[in-house]
Amino acid sequence: MADPSPFPLPFVPHHKSPESPGENPVLFAFRGRELLVTSELALPSVTDIDAQGLEAVRTQYLGHLDGRHCYSAELPGDAATAEGFRFADLRTLFGSLDEMMHALAGRAVQIVEWDRTHQFCGVCAEPTELSETDRSRSCPKCKIPTYPRLAPAMIVAVEKDNQILLARSPHFPAGIMSVLAGFVEPGESAEEAVIREVHEETSIVVKDVEYFASQAWPFPNSLMLGFRATYDAGEIAIDGEEIVEAGWFAADAMPTAFPGNVSISQWLIRDFLTRNGQGE
Ligand SMILES: [Zn+2]
């Protein structure tokens with residue numbers, strides 16, 4: 001039999017820790033949801049962390065990247081850093097931390113958070129046990145496994161006659177507008193969530209919902225499913241709470257959007273601009 005193909009992605013996830021961390025392991029150490037980084041916004045080495053006397057409450061094995069074993073660690077809530085290091089929210093590290101390391105940090109923080117919040121059974125309060133066979137914790141009495149949680153959400157670029165529907169949430173920084181997004185509810189498909197959310201937020205009816213791309217979004221634990229859709233009927237009407245402003249915009253008359261090109265909302269807007277003669 002031929003050798004199996006090598007794993008087709010650079011990071012190979014695995015739940016079971018190897019006997020030895022090997023050379024130059026990668027460690028994502030968190031205080032709450034903040035990652036320990038150097039003042040140059042790079043990942044500290046294990047030696048750096050040990051030298052600061054930081055002791056993890058719990059650690060988790062994540063898998064390996066280019067032969068380096070990767071771990072996550074939960075530091076105590078009052079952990080303090082030495083000079084030259086700081087704790088940073090992952091949102092502020094887009095573009096400064098290496099892209100692959102940022103993605104792994106997003107994976108790591110969710111596993112740390114899942115492990116921290118699933119130490120006891122939600123039914124009978126018995127301490128849970130880590131599974132040998134997959135990334136889960138189970139109650140020895142109830143046998144109910146719990147896995148890291150993912151919240152699927154949809155995000156959509158709605159288009160009408162070469163215009164895109166953009167809206168402002170009250171949570172956005174002043175002046176910023178973006179495409180519509182919302183969580184998928186139990187029992188609905190992502191396409192149904194698109195149709196429901198667009199209607200709930202703007203009273204617009206859409207058709208031809210078409211998958212675009214997806215992105216892991218660890219704020220706190222979403223998988224963003226991106227779609228394009230076409231206007232079908234209705235006039236924009238907003239509730240003034242979830243959405244405080246909404247409108248149709250042509251590619252040459254766009255409002256202020258989130259700066260950068262790191263999130264799927266920006267990829268959707270860029271795709272619209274490119275197809276309408278305004279992209280590079
Ligand atoms: Zn139980």
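For the range 123-196, the per residue solvent-accessible surface stands at 54 Å², with DNA, RNA and ligands left out and a 1.4 Å probe. Projecting label points 7 angstrom from Cα along Cα→Cβ for Asn162 and Val205 puts them 2.7 nm apart.
Annotation: the range 224-280 has a Kirkwood hydrodynamic radius of 13.3 angstrom, from the mean reciprocal C-alpha pair distance. Taking the square roots of 5 times each eigenvalue of the Cα gyration tensor of the range 151-275, largest first, gives ellipsoid semi-axes of 19, 17, 15 Å. For the range 101-192, the share of alpha carbon pairs falling in successive 5 Å distance bins from zero is 3, 11, 13, 13, 14, 15, 11, 8, 7, 4, 2, 1 percent.
For the range 42-188, the calculated P(r), taken from all Cα-Cα distances in 10 Å bins from zero up to the bin holding the longest distance, is 8, 26, 30, 23, 11, 2, 0 percent.
Per residue, the accessible area of the range 11-117 comes to 50 Å² when a 1.4 Å probe rolls over the protein heavy atoms. Looking at the chain alone, DSSP beta bridges between its own residues are antiparallel in about 75 percent of cases.
Sequence-distant contacts, meaning Cα pairs under 8 Å at least 6 residues apart, place the relative contact order of the chain at 14 percent. Using a probe radius of 1.4 angstrom, the carbon and sulfur fraction of the accessible surface of the range 166-280 is 53%. Could you compute how fast the chain diffuses translationally, taking Rh as the Kirkwood radius over C-alpha pairs and applying Stokes-Einstein at 4 °C with viscosity 1.567 mPa s? Give it in µm² per second. My calculation gives 61 µm²/s for D.
Averaging the sequence gap over all C-alpha pairs within less than 8 Å and six or more residues apart, then dividing by the number of residues, gives the range 178-275 a relative contact order of 25 percent. Candidate cross-link partners of Lys143 among the lysines, defined by an alpha-carbon separation under 21 Å and a same-chain spacing of 8 or more, comprise Lys16. Using C-alpha pairs under 8 Å with a sequence gap of at least 6, the mean separation divided by the residue count of the range 75-158 gives a relative contact order of 16 percent. Over the Cα atoms of the range 1-115, the radius of gyration divided by the Kirkwood radius equals 0.99; this is the Rg/Rh ratio.
Per the 1.4 Å probe, what fraction of the accessible area of the range 4-141, in percent, lies on carbon and sulfur atoms?
Carbon and sulfur: 52 percent of the exposed surface of the range 4-141.
Straight Cα distances below 18 angstrom link Lys207 to the aspartates and glutamates Glu159, Asp161, Glu188, Glu191, Glu192, Glu197, Asp232, Glu235, with same-chain residues fewer than 8 positions distant left out. Val46 sits with roughly 50 Å² accessible to a 1.4 Å probe, with DNA, RNA and ligands left out of the calculation.
Roughly what would the spin-label model give for Ala80 and Glu188, points 7 Å off Cα along C-beta, in nm? For Ala80 paired with Glu188, the spin-label model returns 4.9 nm.
The values are calculated or read from the model by the stated rules, or taken from the named source; none is laboratory data. What you see is a predicted model; the values in this text were computed from it and never measured. Because the Cβ atoms are built from the backbone with ideal geometry, glycine has one as well, and the counts that use them run over all protein chains shown. Side chains included, ligands, DNA and RNA excluded: accessible areas come from the protein's heavy atoms. Shrake-Rupley method; radii C 1.70, N 1.55, O 1.52, S 1.80 Å.
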